[in-house]
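*Asks:* The structure is given below, and queries will be raised subsequently.
The values are calculated or read from the model by the stated rules, or taken from the named source; none is laboratory data. Owing to the predicted nature of the structure, the values given are computational and were not obtained by experimental measurement. Neighbour counts run over all protein chains shown; Cβ positions are idealised from the backbone, glycine included.
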Amino acid sequence: MVIKIISLLIKFYEYMNFGKFDNLVASFHKYTLHFKQPSGTSRGVLRTKDSYFITVYEKGNPTVKGLGECGLLRGLSVDNRPDYEEKLQAVCTRIGDYGAWLEDGLREFPSIHFGLEMALLDLEKRGSKVLFPSAFTEGKATIPINGLIWMGNMGFMFEQIQRKLDAGFRCIKMKIGAIDFKQELDLLRSIRAKFPKEQVELRVDANGAFSFCHVVYILEALSKLDIHSIEQPIKAGNWVEMADLCRDTPIPIALDEELIGVFDREDKIDLLDTVKPQYVIFKPSFIGGIKGTSEWLQLAEERGIGWWNTSALESNVGLSAIAQWTATLDNPLPQGLGTGQLYTNNIESPLFIEGDALGFDVDGVWDFPAV
């Protein structure tokens, strides 16, 4: 797997490092996605989500365009800063320097890095939106995904779970930490009473909601329910405490927010070797696109750490890019790529969900009403 990841990364950057594109023109614009219903996390309730789309074409050939999505998430993205649009404009103004931008120029702007990677890949593929050809984009393979359960009152969460199970999901990811934990535990118990672990895999995502002094009890309680893993049980940045938890935990721990803002290879190594998590979760928009994620992936594989990819609530443009890349990596675990149906005004795409799998309809169309 490590060798495959490295070869994919080298292939991806070959054309970017040798000036394949000449006389590029680029622009960007903001697009606000609207949730079908308010979506709760331990950090608050989401109602809208802004994305920025980069369009790139070669001067003299404006009909062939590449499109990329910069998936900024307010309150969580490390590049959620006042000069975000200013940086985007600089990238578009100096798009001919894309090699330098992708080398280190967007180090502190991982979502822009990913959007630029996407746009250039799409341009290289003549605007087809098929960035990583595979059996997935040929409609011959699908990607297993988890069913995401948003926070809310007990009734709302149970209703979501029932819908996912009825739809055929065999892996449920439930966000916890917003309501009373005993209620959340009761909900998980009710699921496990009906569905053993052989039928339904249960993951929980705390988004750093619990304190270190309480989390040991929480992990012990969850362990009695055959929980697959818990994401980010305590707030990111507490490496020593997280290392203690990962060493003695009764259920596997997955790092998520912990990876955000860690850009240096040596710092990545230090984090993984200090904490020694059972899993790591990758959101390319948060950690430097394909380039940054590939480096994390290589380091995790070398240490025997499990992983899966997840969207960062991008539109179908970003989601498709992540899914296509994921399909080339042969990871059998359910991925966090089932977010395409969250919005009332998402971009129509060939992506579809059937049962608990994400697929790509070769006869499907892209529709960009405002892009």
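*Asks:* Based on this model, can you work out whether Leu333 counts as out of contact with any helix residue (DSSP H, G or I) (no Cβ under 7 Å at 6 or more places or on another chain) and either assigned to a loop (DSSP other than H, G, I, E, B) or basic (Lys, Arg) (or both)?
*Replies:* On the way: out of contact with any helix residue (DSSP H, G or I) (no Cβ under 7 Å at 6 or more places or on another chain): yes; either assigned to a loop (DSSP other than H, G, I, E, B) or basic (Lys, Arg) (or both): yes.
When the stated conditions are applied, Leu333 passes them.
*Asks:* Residue check, Ala323 against (1) among the small types (Gly, Ala, Ser); (2) within 17 Å of Asp256 (Cα to Cα); (3) buried (at least 21 other Cβ atoms within 10 Å of the Cβ), all met but one. Which one?
*Replies:* With respect to (1) among the small types (Gly, Ala, Ser); (2) within 17 Å of Asp256 (Cα to Cα); (3) buried (at least 21 other Cβ atoms within 10 Å of the Cβ), Ala323 is out only on (2).
*Asks:* Hey, among the residues in segment 29-77 that are surrounded by fewer than 19 Cβ atoms within 10 Å (Cβ to Cβ) and of a type in the set (Val, Ile, Thr), which one's farthest from Arg107 (Cα to Cα)?
*Replies:* Residue satisfying both the conditions and the ranking: Thr63.
*Asks:* Looking at segment 313-327, is at least one residue farther than 28 Å from Phe169 by Cα, in contact with a helix residue (DSSP H, G or I) (Cβ under 8 Å, 6 or more places away or on another chain) and among the aliphatic types (A, V, I, L, M)?
*Replies:* Within segment 313-327, none of the residues are farther than 28 Å from Phe169 by Cα, in contact with a helix residue (DSSP H, G or I) (Cβ under 8 Å, 6 or more places away or on another chain) and among the aliphatic types (A, V, I, L, M).
*Asks:* Being under 16 Å from the mean Cα position of the chain (by Cα) and crowded, with 18+ Cβ neighbours inside 10 Å is true for just one of Gly336, Gly359. Which residue is that?
*Replies:* Gly336
*Asks:* Oh, and also: Out of Ser211, Ser223, which single residue is hydroxyl-bearing (Ser, Thr, Tyr) and within 23 Å of Gln335 (Cα to Cα)?
*Replies:* Ser223
*Asks:* If you go through segment 118-135 one residue at a time, do you hit one that is surrounded by fewer than 23 Cβ atoms within 10 Å (Cβ to Cβ) and under 30 Å from Arg192 (Cβ atoms)?
*Replies:* There is no residue in segment 118-135 that is surrounded by fewer than 23 Cβ atoms within 10 Å (Cβ to Cβ) and under 30 Å from Arg192 (Cβ atoms).
*Asks:* Given the criteria touching a His at 6+ places or on another chain (Cβ under 8 Å) and modelled with pLDDT of 80 or more, does Arg47 qualify?
*Replies:* So Arg47 passes the test.
*Asks:* May I ask you to list the residues in segment 41-86 that are farther than 24 Å from Gly340 by Cβ and either β-branched (Val, Ile, Thr) or in contact with a helix residue (DSSP H, G or I) (Cβ under 6 Å, 6 or more places away or on another chain) (or both)?
*Replies:* If the condition is that a residue be farther than 24 Å from Gly340 by Cβ and either β-branched (Val, Ile, Thr) or in contact with a helix residue (DSSP H, G or I) (Cβ under 6 Å, 6 or more places away or on another chain) (or both), then Thr63, Val64, Val78 are the ones that fit.
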